[in-house]
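The values are calculated or read from the model by the stated rules, or taken from the named source; none is laboratory data. This structure is a prediction, so every number in the text was calculated from the model and none was measured. Positions of Cβ are generated from backbone atoms using ideal geometry, with glycine treated the same way; all protein chains shown enter the neighbour counts.
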Amino acid sequence: MTALSLKILDKDGNIKRGNTSNDEVFLVYEQEYVDGDRIVLTTDETDIHLIVQVDDAMGNAFTYIKKNEVIYHIPFGEKRISYSPKAFTGAMHLLFARIATAWEIANYKNLALNVVDQHGEPGLFPHALANVETRGESVFAARNAIDGVRYTRSHGSWPFESWGINQQEDATIKVDFGRMVEVDRIIMYTRADFPHDNWWVKVTLAFSDGSEIIWDLEKSDTGHVLEFEKKQIEWVQLHDLIKSDDPALFPALTQLEVYGSDA
């Protein structure tokens, strides 16, 4: 059995509510969150798969935990606008964490998807990280590229959040799975808020096994699909993003989906 704990802490570290159980833990929090509140997930085992829900409006996430303690900061102010306005609001919240089943682990799925990913917290995987995020704004953060929202035809606050590169020519984004996975399909949704947006005509995918794929793209508001021979990898990175000669200045990434199963 695996001991799991969920706690709500205030800005000073005081416990506002908590619960501990084996293999599956629930926490109902019957208050409104205030700025500085955070959720703390602890486990006595690491390198295991967990299904985690930090807010019932966001749904749950298939994750891989590599730390005994993970802190999830409740977003407020500018950081909240990249989330659904229903998330983290009101005076009734249902949180849980549980051990993933064998069939959930074995299933073929989008391994990049993680609605609970956050900036600078690599304890729960998959995790998105980039060398640039436009003006440091939450609506252009790397995590937006793996949050499951595919809508491409606008930009800004949810559901129009994306990964923005601030016109940086050497922009890169990496999705780290935290363990070895086997993948054979990638779907990429490039932002398509035309005529505001430009688009990439070519990108390079680098994999942790040392291989690369150069991917030619077209102007599109739907998903670009790439299929390839199975690769066992721990991460994938997008780089050498070549934009079109359209005069628009702002290519961006709405969603990166990587399909496969645990190796």
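The table for this structure:
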read-out	value
Cβ pairs under 6 Å, 6+ apart, first in region 150-168 and of a type in the set (Asp, Glu), second at pLDDT 95 or above	Glu161/Ser82; Glu161/Val139; Glu161/Asn144
Residue check, Met92 surrounded by 15 or more Cβ atoms within 10 Å (Cβ to Cβ), aliphatic (A, V, I, L, M), in contact (Cβ under 8 Å) with a residue 40 or more places away in the chain and not assigned by TED's automatic domain parsing to the domain that holds Phe140	no
Residue within region 24-36 that is within 18 Å of Asp147 (Cβ to Cβ) and not aromatic (Phe, Trp, Tyr) present	no
Residues of region 148-182 satisfying the condition of being β-branched (Val, Ile, Thr), crowded, with 21+ Cβ neighbours inside 10 Å and farther than 19 Å from Ala61 by Cα	Thr152, Ile165, Ile173
Of all residues in region 117-131 being part of a loop (DSSP other than H, G, I, E, B) and in contact (Cβ under 8 Å) with a residue 12 or more places away in the chain, the one that is nearest to Asp262 (Cα to Cα)	Pro126
Count of region 15-30 residues which are in contact (Cβ under 8 Å) with a residue 24 or more places away in the chain and in contact with a Ser or Thr (Cβ under 6 Å, 6 or more places away or on another chain)	1
Selection status of Gln167, in the same structural domain as Phe207 (by TED's automatic domain parsing) and either in a loop (DSSP other than H, G, I, E, B) or in contact with a Phe, Trp or Tyr (Cβ under 6 Å, 6 or more places away or on another chain) (or both)	yes
Strands (runs of 3 or more DSSP E) contained entirely in region 1-114, each with at least 3 residues that are hydrophobic (A, V, I, L, M, F, W, C)	3-9, 24-29, 38-43, 48-53, 61-65, 93-99
Options Tyr29, Tyr33; residue that is of a type in the set (Phe, Trp, Tyr) and within 23 Å of the chain's Cα centre (by Cα)	Tyr33
